[in-house]
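The structure appears below as structure tokens.
The values are calculated or read from the model by the stated rules, or taken from the named source; none is laboratory data. What you are looking at is a predicted structure, and each value in this text was computed from that prediction instead of being measured. No Cβ is skipped: glycine too gets one built from the backbone with ideal geometry, and neighbour counts run over all protein chains shown. Each accessible area value is taken on the protein alone, full model and side chains, heavy atoms only, with ligands, DNA and RNA left out. Shrake-Rupley method; radii C 1.70, N 1.55, O 1.52, S 1.80 Å.
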Amino acid sequence: FAAVVLHCAASSAVNVSLPIGPPSNSQPLSRTLLSFSIEQDRWPDWSGVDARNEFTHDALLALAKLTGQPPKIRVGADSEDHTVWSPTVTINEDEFPPPSTLTPYPEATRITVGDEYYKLSRWLPRGTHMTWGVNLGADNITNAVNMAKAIVGAFKTFAVKASGVVLDLIEIGNEADLYKNNGLRPSNWTVQEYVADWISVAGPVAEAAGIYGNDGPISLQGAAFAGQGFTPRQIISLGI
């Protein structure tokens, strides 16, 4: 059977001509079209702690050589909404459920971080643009503000500024449309309640981050949804 398949494949080969230049109606791709999201619980593993993670750094540099710019990096994802800031933690302390055959590397149920955690951004390639997530799921404005202060503070340090890594966005909450399914909100939680929650956190976070308009170097990111249960059109019409 394999021989027949191979014979058919060989006998049906076709010649394809590729133009030297792109068609006149083509559009250039963003140089950061291929970018990455990293869970907050594993962030120090990817970045490196006392020195950069050479695997991560070399892989991102290899992509940068192909595209002309390092991929954008967003640190957040589901564990973003299980992260709390503490003045007594230096980098991070994670609480993991036991591993299993199906889930050998489970996601942390709680991540406690300190200021040095965000300063690990310095180990990424020069020119990398970042999005950092803050916790909306905990419904704790003080914690979100403390996270935002630590993020912005890290990017003001000499080490991070000298690294050439740039903070673009602070994301408030990850996939909030799933909160009613994962226990972070009641099962009847609505998009109207999401908007009220988001605004109540976004205002203090913007103030803590020094965001006072649309023209600054840092902006807020919302509408990080998993599906179409909540939509940008809905939340804008409701006041975001």
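A few points about this structure:
- Spin-label model distance (nm) - A51 vs N25, 7 Å beyond Cα toward Cβ: 5.4 nm
- Amide H partners (placed H, <5 Å) of L167, local residues excluded: M130
- Between 0 and 90°, nearest 10: helix 2-11 axis offset from the chain longest Cα axis: 80 degrees
- Between 0 and 90°, nearest 10: helix 141-155 axis offset from the chain longest Cα axis: 60 degrees
- Violating pairs (Cα-Cα greater than 23 angstrom) within the set K72/K161; K149/K180; K119/K149; K72/K119; K72/K156: K149/K180
- Sparse-neighbour loop sites [chymotrypsin sites (Phe, Trp or Tyr not before Pro); region 156-240; at most 14 other C-beta within 10 Å; DSSP]: Y212
- Per residue accessible area in Å² of region 184-223, where ligands, DNA and RNA are left out and the probe is 1.4 Å: 54 Å²
- Near G173, the amide H atoms lying under 5 Å from its own belong to V134, L136; only residues 5 or more places off or on other chains count, and H is placed 1.01 Å from N.
- Protection-proxy order for peptides 116-123, 137-144, each taking the mean of Cβ atoms within 10 Å per residue, highest first: 116-123, 137-144
- Over the residues of the chain, the helix contribution to mean residue ellipticity at 222 nm works out to -10000 deg cm²/dmol, using -39500 (n - 2.57) for each DSSP H run of at least 4.
- Of the accessible area of the chain, computed with a 1.4 Å probe over protein heavy atoms only, carbon and sulfur atoms account for 58 percent.
- Put simply, the amide H of T83, placed in the peptide plane, has neighbours under 5 Å in I111, leaving out anything fewer than 5 places away on its chain.
- A Förster radius of 22 Å combined with the Cβ-Cβ distance from S187 to Y105 puts the calculated FRET efficiency at roughly 0.15.
- With the simple spin-label model, which puts each label point 7 Å out from Cα in the Cβ direction, the E95 to I199 separation comes to 3.4 nm.
- Anisotropy class assigned to region 24-169 is prolate, per the alpha carbon gyration tensor with a/c at or over the 1.5 cut-off and a/b larger than b/c.
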